[in-house]
1. Which ones in the stretch 211-253 are aliphatic (A, V, I, L, M), away from the ligand (no atom under 15 Å from the Cβ) and within 11 Å of Val184 (Cα to Cα)?
2. Any residue in the stretch 37-57 that is away from the ligand (no atom under 14 Å from the Cβ), in contact with a helix residue (DSSP H, G or I) (Cβ under 9 Å, 6 or more places away or on another chain) and assigned by TED's automatic domain parsing to the domain that holds Thr145?
3. Tell me which residues, restricted to the stretch 135-150, are of a type outside the set (Lys, Arg), farther than 12 Å from Gln103 by Cα and open to solvent by 20 Å² or more (accessible area, probe 1.4 Å).
4. Testing Val110 on (1) touching a Cys at 6+ places or on another chain (Cβ under 6 Å); (2) open to solvent by 10 Å² or more (accessible area, probe 1.4 Å); (3) not basic (Lys, Arg), one condition comes back false. Which one is that?
5. Among the residues of the stretch 125-143, which ones are in contact (Cβ under 8 Å) with a residue 12 or more places away in the chain and either away from the ligand (no atom under 13 Å from the Cβ) or part of a helix (DSSP H, G or I) (or both)?
6. Criterion first (closer than 14 Å to Ser154 by Cα and open to solvent by 10 Å² or more (accessible area, probe 1.4 Å)) does Asp85 satisfy it?
7. The conditions are (1) open to solvent by 20 Å² or more (accessible area, probe 1.4 Å); (2) touching a Phe, Trp or Tyr at 6+ places or on another chain (Cβ under 7 Å); (3) under 24 Å from Met194 (Cβ atoms), and Met63 fails exactly one of them. Which is it?
8. Taking the condition of being in contact with a Lys or Arg (Cβ under 9 Å, 6 or more places away or on another chain), open to solvent by 20 Å² or more (accessible area, probe 1.4 Å) and within 16 Å of the ligand (Cβ to nearest atom), how many residues in the stretch 88-107 meet it?
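The values are calculated or read from the model by the stated rules, or taken from the named source; none is laboratory data. Source: prediction; values computed, not measured. Cβ placement follows ideal geometry from the backbone for every residue including glycine, while neighbour counts extend to all protein chains displayed. Protein only, heavy atoms only, side chains kept; ligands, DNA and RNA dropped before computing areas. Shrake-Rupley method; radii C 1.70, N 1.55, O 1.52, S 1.80 Å.
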Amino acid sequence: MTVYKETLYDGYGQAFDVEEVLFEQQTDSWHLIIFRNPQFGTVMALDGIIQTTEKDEFVYHEMLTHVPLLAHGNAKKVLIIGGGDGGMLREVLKHDSVESVTQVEIDQAVIDMCIEYLPNHSQGAYENPRTNIVIGDGIDYVCQTDEKYDVIISDCTDPVGPGEVLFSSKFYEGCKRCLSEGGVFVAQNGVVYMQPDEVLTTRQRLSPYFKDQSFYTAAVPTYIGGAMTFAWGCDDEAIRQQSVELISERYKASDIKTRYYNPAIHTGSFALPQYVLEVLGDD
Ligand code: SAM
C-alpha cells in the first residue's frame, strides 16, 4: 500500500495509507489528488496539503457556518468565497432563514470533482434553488459586486498560490464593502500553533476594517498541529459576545442537527490560549 505524506510543514507531518487513488491531476500549477484512506475515508489534498476529508469535515464546516449565522441571528444573504468541496454550502443551507447563498469558487473543476468523489460534502447543495454559483476569483468579486451580504465566509486554501490574495488587505476591504450593517465576516486562518504569524498578519490587516476583530478555534483532526483558528470581523462586539442562553434559543429554533457545534462550544470557542493572546498582544 502506498503512503501519502503531507508536506505542509518542514520536519513534521501526517501520513495516510492510500487504499485507492480516485482522482489525480498534475498540472503546471498544482498537484491535486483524491484517495481513499481507512481512517478518514475519502481525502482530498492539493500540493501536499490536506484540504478536506470525509470523516472530519463536519467540525470545520459546522464551525465556520453556525457560529457566524447563529451569532448574527437573522442572516438572509450569505457569501462563501472558495468552498469548492460544497461542505460549507451544505451547512449554510440548513438555516431556513437564509434566502440565498452565493459561492464564488475559482475552479469549476474542484466543484465537479467533489460532487463526483466527495458527494457527502455537498449532498445536493449545488442543486438547491437558493444556491448561486459564481466561477471566479473571490477578490475580484468582493471588490466589484453591488450585492450586500449578512455573513461572508472565506473558505479558501492556505495563503499560497490562488488562495494568497484571500488573506490580503484588499480582500478584507472588499469584504467590508459588501457586508451589510451588523454583518459578520469569518475566515479559515490556519493552525495557530504551527502558523502563529498568520493570526498576527490577519489581525494587522483585518482590524482597520472592523471595530471587533477576534478569533475562535476548533480542533479539526486532519488540520494537524493543534486547533484550527477562524478569523472574525464585525462592527458590533455584542454579536460575538451573545450569551449561551440566547445562542441556545436560536440553535433550538433552527432545528439544525449538528455533530460538533453546540451553544457551549460556540461561546467557548472564542476563549483563546495564552500563547495566542501573547502573539496578538491581547494578553
Ligand atoms: N477546508 C480547506 C482548508 O481549510 O484548507 C479548503 C477548502 S476548499 C477545497 C478551498 C477552495 O478555495 C478550493 O476549492 C479552491 O479552488 C478555492 N480557492 C482558492 N483560491 C481562491 C480564490 N482566490 N478565489 C476563489 N476560490 C479560491
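1. Once the filter is applied, which keeps residues that are aliphatic (A, V, I, L, M), away from the ligand (no atom under 15 Å from the Cβ) and within 11 Å of Val184 (Cα to Cα), the stretch 211-253 yields only Ile239.
2. So far as the stretch 37-57 goes, no, none of its residues is away from the ligand (no atom under 14 Å from the Cβ), in contact with a helix residue (DSSP H, G or I) (Cβ under 9 Å, 6 or more places away or on another chain) and assigned by TED's automatic domain parsing to the domain that holds Thr145.
3. Across the stretch 135-150, the qualifying residues are Asp140, Cys143, Gln144, Asp146, Glu147, Asp150.
4. For Val110, the failing item is (1).
5. Across the stretch 125-143, the qualifying residues are Ala125, Tyr126, Asn128, Arg130, Thr131, Asn132, Gly138, Ile139, Tyr141, Val142, Cys143.
6. Here the answer is yes, as Asp85 does meet what is asked.
7. The one condition Met63 does not meet is (1).
8. 0
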